[in-house]
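Notes to accompany the following structure.
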Amino acid sequence: TWCRWRVTEISQIILILLDSRCPLLHYPPSLESYLSSPHLSRKRSILVLTKVDISGPARAEAWTQYLRQRYPHLRIVQVESFAEKDVTGAQRVYEPHIPSAFRETLVNALKDTHAELLQPPKEVSNAPDSLASWKPSVKREVDWDAILAAGPSAESSQPLDPARSKSKERAPNVDAGIDEDEDDLPEPDHLTVGLIGMSCTIYS
């Protein structure tokens, strides 16, 4: 529970990893309710169906359609986790792997979600004085083409130290829809993406 709380507190985009063999087990109503809380309204979540190579494309697609109907406000993507290595011997050996088509879908989902975070909330857009001073709480420029081409070992995808990030967190003014003293705050150095699943990790 603490891990999930810490990830959602620090992250700007949250990837919720759901085993495609039984995704609802990993997205219980309690987690859905928490992520829908008003104080997390400026966060964005993406549902990621994992292990589709194990569950099979038909079952994965059926779950995807079900989740889209149930959560129309969320993006849903599919990924594979591992691929069998071409080795000799009777024992099977696997390595981390995500096909290029799945990788492109995931990166595009992150890109579109980041674009949403760069848009002011409705309450700010409707208030010219607030809009004039509003700044997004995320890094404006992200080289998505480089991320797509870099592969899973990209140096830009490093685990973030929660203790180090604490000093960079921005305190939102929920009532006004803007950050306190945001004119004095520099643009964030990173776009922070958190993973919630079998383990909790934060990347920037």
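Tell me which residues, restricted to segment 3-20, are at pLDDT below 90 and open to solvent by less than 60 Å² (accessible area, probe 1.4 Å).
Going residue by residue through segment 3-20, those that are at pLDDT below 90 are 3-10.
Selection gives CYS3, ARG6, VAL7, THR8, GLU9, ILE10.
Show the residue pairs that are 6+ apart or on different chains and have beta-carbon atoms under 7 Å apart, the first residue being within segment 109-136 and more than 18 Å from LEU47 (Cβ to Cβ) and touching a residue at least 12 places away in the same chain (Cβ under 8 Å), the second being in a helix (DSSP H, G or I) and open to solvent by 70 Å² or more (accessible area, probe 1.4 Å).
Final answer for the pair search is PRO120/LEU131; VAL124/LEU131; SER133/ASP183.
Restricting the search to segment 117-128, which residues are within 11 Å of ARG140 (Cα to Cα) and either open to solvent by 50 Å² or more (accessible area, probe 1.4 Å) or assigned to a loop (DSSP other than H, G, I, E, B) (or both)?
Here is the first cut: in segment 117-128, the ones within 11 Å of ARG140 (Cα to Cα) are 117-119.
If the condition is that a residue be within 11 Å of ARG140 (Cα to Cα) and either open to solvent by 50 Å² or more (accessible area, probe 1.4 Å) or assigned to a loop (DSSP other than H, G, I, E, B) (or both), then LEU118, GLN119 are the ones that fit.
The values are calculated or read from the model by the stated rules, or taken from the named source; none is laboratory data. Note that the structure is predicted; figures quoted are calculated from it, not measured. Counting neighbours? That spans all protein chains shown, and the Cβs are built from the backbone with ideal geometry, glycine included. Protein only, heavy atoms only, side chains kept; ligands, DNA and RNA dropped before computing areas. Shrake-Rupley method; radii C 1.70, N 1.55, O 1.52, S 1.80 Å.
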